[in-house]
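One structure, as structure tokens, below. Some questions next.
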Amino acid sequence: MKFRIRFAQQVVGVFVLIALVFGVVVLVAMGANQRWFARNYEYYSIFPTGEGLSVGMSVRFKGFAIGRVTEVTLAEEDLVRVDFYVEDTYIDRILPNSVMQLVTSPIGIGGGLVFHQGIGTGEHLEEHSLIPAINSAEGQRIVAAGLATVPSAGDDITRIIAQVEPLLASVNTLLVSVDGTVNHINKALAGDQSEPLGLTLAQVNTLLEEVEATLVAARQEAVDILASVAVIAGNFEATSAELRDPTGLVPRLLDADGSITTFLNDNNALYNEVEAMLRSINATLDEVNELALFVNSTQPQIAGILEESREAIILGQDVLEGVSNAPIIRRGITPEAPQPSTFQSHRDAQF
Amino acid sequence: MIIELQNLSFTSGGETFLQDISCRIEEGSVVLVMGPGGSGKTLLLKLMAGIVPATGGEILVDGEPLSRMSDRQILKTNLRQGFVFQDAALWQNLSLRQNLSLPVQYHFPSRSVQEINSSIDLLVRKLGFRANLELRPAHLSGGNRTTVSIMRALMLDPELCFMDEPSNGLDGATHDNLLELLKELKSGGRTLVIASHDGEIASLLADWILVLDEGRLLAFDTVQNLKHTEDERVRAILREVLDLSTTYDTDILEILGESDENPFA
Amino acid sequence: MAKIKRVRTHLDRFSLACRDCIQYYVGQRATAVNIAERTGSRIFSSGEAFFYAMGYFYRILRESFFFLLHKKSRRVLTFQILFTGVEALPVIAVISIGLGAIIIIQGVALLPQFGQGELVYPILITVITRELGPILTAFIIAARSGTAISTEIGNMVVSHEIEAYVSNGIDPISYLAVPRFLGVVFSMMLLNLYFNIFGLLGSFVVTTLITTIDFRYYVFNLMNALTAADILVSLAKSAVAGAIISVVATYYGFQVKVASTEVPVMAIKSVGRGFILIILSNAFLTVMYYLWT
């Protein structure tokens, strides 16, 4: 007799047992994973619109999913009632004066229903009670009274955008300063300037100090997202240090003999100084470009703006160079290989 | 167990196989069903046993109509009767011993293996069966299969036993044993309905003879009455049927009422 | 005289023509009546067959209930699970491992390109657990065990073994059909679990030979993608398919009347009918699943 016929009972027994054990293990693993046996606490909130709200959406607190939306219904007075639950492990965080905020992200990922904890102590909020939306009258009151901790921004992208904006403003200030400086130099060199050149250059110095200050500010704002901004500021510091150097550009220009002749006939020393300065500005702009590269990976629009800024700056640099190579020097504008954009189109962007 | 047929008929596919058969089989009697090949003997036996449902008429078992019984009741009735199939109809996937013990085990799960084996041994001895009981039916000769089929029918000690050609293919010794066994059953008050061309069974056992021809009941009477029947057709069939069995038993000739004349001479 | 003769022949011809005409007309009517009768009887008989099949199914269910209560022929059930379940395991294993490995490898290679790398887990669950698993198992079992059952029972009918059961007071439905019914249903459900074991875990092992996926990460994601509804609908599908296979196979097995030539015909019929019913029941359960979730 064949083995499996003689031991039919045993073979079938093992066959059934393995399947059952597998089934039970899967059920237990599933239950543990999907919290079948854990208690959920139910709350609700009222929103003016159901736009962006969906069943199954997670409720987040400091980036952690603490619960889920179970139902979105159109309630009385055309308001939208959102029912959600909070897992029992997080129930201690649901304190009175908490508010809910719907965060939508411009590109559709990363948004969610965000829970902001109320400032208070004691028991958690009673189940089935209302947690007001942040933009409701009650929510506004709580926030205004400082009863809830509401961080400035919710999701990652909003936060990046928030941090990039001051940075862009700084860059803009920088450009304006550089432009002003160049104008001054331009005028001085052209001899249109009524003020002595020295004064102009002193002005340049002040302006560059301003630039430095701006960049320091920028650095502080951007320090979270980009360490390389430090390098930008570093470059500028180097430049301004050079300007402050007693043997450097400024004292020489302030020299009694310091004149346009000196500027032209000191073996291009002064010119080289100016050029070095411009190079450092260029380097700075490259840094900005790198920043753009980084932001590019997160937010295409910003990249576009930065790209434009970079081009504008390069243009400004060209102008500056053109000025420095003014007809007096007759060197023209050096052709520059165009730097390809790091950003092609939205389609190429990787998420 | 009394079986009564009332205008029994059976049709299938527009063809009539049995028509208008009425008779009453008394308890303890031995009925021999005779008729030429294709006259519907096997079918009649299966209808009576409730294996095949009749299409017309009625079968009463102890006065109760079979058509009004539930499947369960019919199975219960079947339990009181045995059936020997012409082709033995042994269960091919079981050994001979399992073939014999299955009905007992199925209906009486409490019966011990020893008990079942001892009743198997008793039947084996009575019929002088020699083959190994652990074999499958496919390994047996036709005669041996019939023997096992007879044993299986008797395993539950039935009140009534239908036998379809039980002596087919049996060797002489087993045939004699079978006759002895049938006699024993008869004396034990069992009812036997046997479809057979076997002259010995007819002469030694039969109380009644049922003659079928082309699906019709030609005669149903005691052996004594049939001896003197005037019906030419019945006489012809009996002669024909018994001719086939090539027996020289004088009793048979007596049945035909022609004892003074040997038809084979 | 000659005239009269001619008239008579004409009359004879005429009457013959009339008779032909009448015969033709009667024949036509008979044919029309025949067609109507035949169509009617066919509808009637197919309706009758349907109710007969339903009654048969009901009897199997009823007897199954008694069978489970009495545990009479458990041996037959054990062997049925052995033949249908255990012996089909290698085929099921190969198919499910192959299918699972293909899904994982293709998924891991392809889906991240659309930024949907996590989608491989729901796809695995949908294909292996919910959709293809039950139906592929059902096809294999219908082809393997369905034919075996209908052939076996058909041969039993031909050799009068079924009648032997009846004559011994053993109900062929409860003794032969019910253990096969229960055996195939249980085997189908067990094989479905094995299909999942091999399809989800075996294929993972195969995949680790080609790419690297962390096991814990894999299992965690899989368990998150799996829902109780998936498991329920999958088990329901395989149980229903098992019931269809066994009921259809035994039904057609018992449909054999006298000749052994009917046996293969009925086996083919049982597989064909079985496949159609399996697909229909699967579609129905899938629709139910989507309506439910």
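The values are calculated or read from the model by the stated rules, or taken from the named source; none is laboratory data. Not measured: the values here are computed from a predicted model. We place every Cβ from the backbone using ideal geometry, glycine too, and count neighbours over all the protein chains shown. To get the accessible areas, we keep the full protein, side chains included, count just its heavy atoms, and leave off ligands, DNA and RNA. Shrake-Rupley method; radii C 1.70, N 1.55, O 1.52, S 1.80 Å.
Out of residues 5 or more away from B:Ile2 or on other chains, whose amide H comes under 5 Å of its own, with H placed 1.01 Å from N in the peptide plane?
Distant-sequence amide H within range of B:Ile2: B:Asp62.
Find which of C:Gly115, C:Ile97, C:His10 sits farthest along the positive direction of the dipole of chain C, computed with +1 on the beta-carbon of Lys and Arg, -1 on that of Asp and Glu, about the Cα centre.
C:His10
Right, next: So what is the 222 nm mean residue ellipticity for chain C from helices alone, if each DSSP H run of at least 4 adds -39500 (n - 2.57) and you divide by all residues, rounding to the nearest 500 deg cm²/dmol?
Computed ellipticity for chain C at 222 nm equals -27000 deg cm²/dmol.
Another one. Which distance in nm do the two modelled labels at A:Arg35 and B:Ala173 give, with both placed 7 Å along the Cα-to-Cβ direction?
8.5 nm
I'd like the accessible area for B:His107: 1.4 Å probe, protein heavy atoms, all chains in place, Å² to the nearest 10.
Answer for B:His107: close to 40 Å² accessible.
With θ taken as phi - 60° and the coefficients 6.51, -1.76 and 1.60, list the Karplus ³J(HN,Hα) couplings across segment B:29-34 in order, rounded to whole Hz; mark glycine and proline as x.
Here the 3J(HN,Hα) series is 8, 10, 10, 9, 9, 10 Hz.
Take the Cβ-Cβ distance between C:Glu37 and C:Ser260 as r, set R0 to 30 Å, and report the resulting FRET efficiency rounded to the nearest 0.05.
My answer for the efficiency is 0.40.
Could I ask something else about it? Scattering from the C-alpha atoms of segment C:247-293 alone, worked out with Debye: what is log10 I(q)/I(0) at q = 0.13, 0.33 1/Å?
For segment C:247-293, the Cα-only Debye profile gives -0.41, -1.07.
From the phi of every residue in segment C:260-272, what ³J(HN,Hα) in whole Hz does the Karplus formula 6.51 cos²θ - 1.76 cosθ + 1.60 yield, where θ is phi - 60° and glycine or proline is x?
5, 5, 6, 4, x, 4, 5, 4, 4, 4, 5, 5, x
List, in the order given, every pair from B:Lys126/B:Lys186; B:Lys76/C:Lys257; B:Lys46/B:Lys76 whose Cα-Cα distance in the structure shown is over 18 Å.
Beyond 18 Å between Cα atoms: B:Lys76/C:Lys257.
Something else now. Report, as an integer, the average count of C-beta atoms from other chains found within 10 Å of each Cβ along B:41-48.
1
About the Cα centre of segment B:65-183, what is the dipole size in debye to 20, counting +1 per Lys and Arg Cβ and -1 per Asp and Glu Cβ, all else neutral?
320 debye
HN-Hα J couplings of segment B:145-159 from phi, Karplus 6.51/-1.76/1.60, θ = phi - 60°, integer Hz, Gly and Pro as x?
Per residue, the Karplus-derived 3J(HN,Hα) values read 4, 4, 4, 5, 4, 5, 4, 4, 5, 8, 4, 8, 6, x, 6 Hz.
Follow-up. Enter the mean projected area of the convex hull around the alpha-carbon atoms of segment A:16-89, in nm², rounded to one decimal.
6.8 nm²
Along the charge dipole of segment B:1-106, pointing to its positive end and built from +1/-1 on Cβ of Lys, Arg, Asp and Glu, which listed residue (B:Ser67, B:Val52, B:Gly38) has its Cα farthest out?
B:Val52
Using only the heavy atoms of the protein chains and a 1.4 Å probe, how would C:Arg6, B:Arg68, A:Arg39 rank by accessible area, largest first?
Output order, biggest surface exposure first: B:Arg68, C:Arg6, A:Arg39.
Using helices alone, I'd like the mean residue ellipticity at 222 nm for chain B: each DSSP H run of four-plus residues gives -39500 (n - 2.57), total over residue count, nearest 500.
Calculated mean residue ellipticity at 222 nm is -11500 deg cm²/dmol.
Is chain B best put as rounded, prolate or oblate by its Cα gyration tensor, with a ≥ b ≥ c the root eigenvalues, rounded for a/c under 1.5, and otherwise prolate when a/b is larger than b/c, oblate when not?
oblate
Starting from the Cα coordinates of segment C:71-292, work out the convex hull volume and express it per residue in Å³.
132 Å³
What does the average come to when, for each residue of peptide C:168-175, you count the partner chain Cβ atoms lying within 10 Å of its Cβ?
Average per residue, whole number: 6.
Skipping prolines and chain starts, which residues have an amide H placed within reach, meaning under 5 Å, of the one on B:Arg24, given they are 5 or more residues away or on another chain?
Here B:Leu5 satisfy the definition.
Looking at chain C as a GNM with Cα springs under 10 Å, which of C:Phe57, C:Phe65, C:Phe139 has the largest mean-square fluctuation?
C:Phe65
Ignore the peptide's own chain and count Cβ atoms of other chains within 10 Å of each Cβ in A:24-33; give me the average, rounded.
Mean shielding by partner chains, rounded to a whole number: 4.
If C:Ile135, C:Ile149 are ordered by their accessible area, calculated over protein heavy atoms with a 1.4 Å probe, which sequence runs from highest to lowest?
Of C:Ile135, C:Ile149, the descending order of accessible area is C:Ile135, C:Ile149.
Long-range amide H contacts for A:Gly67: which residues qualify at under 5 Å (H placed 1.01 Å from N, peptide plane, sequence gap of 5 or more or a different chain)?
Long-range HN contacts for A:Gly67: A:Val59, A:Glu87.
Also, I was wondering about something else. Working only with C-alpha atoms, what are the Rg and Dmax values of segment A:40-144, expressed in angstrom?
Considering segment A:40-144 through its Cα atoms, Rg and Dmax are 12.8, 39 Å.
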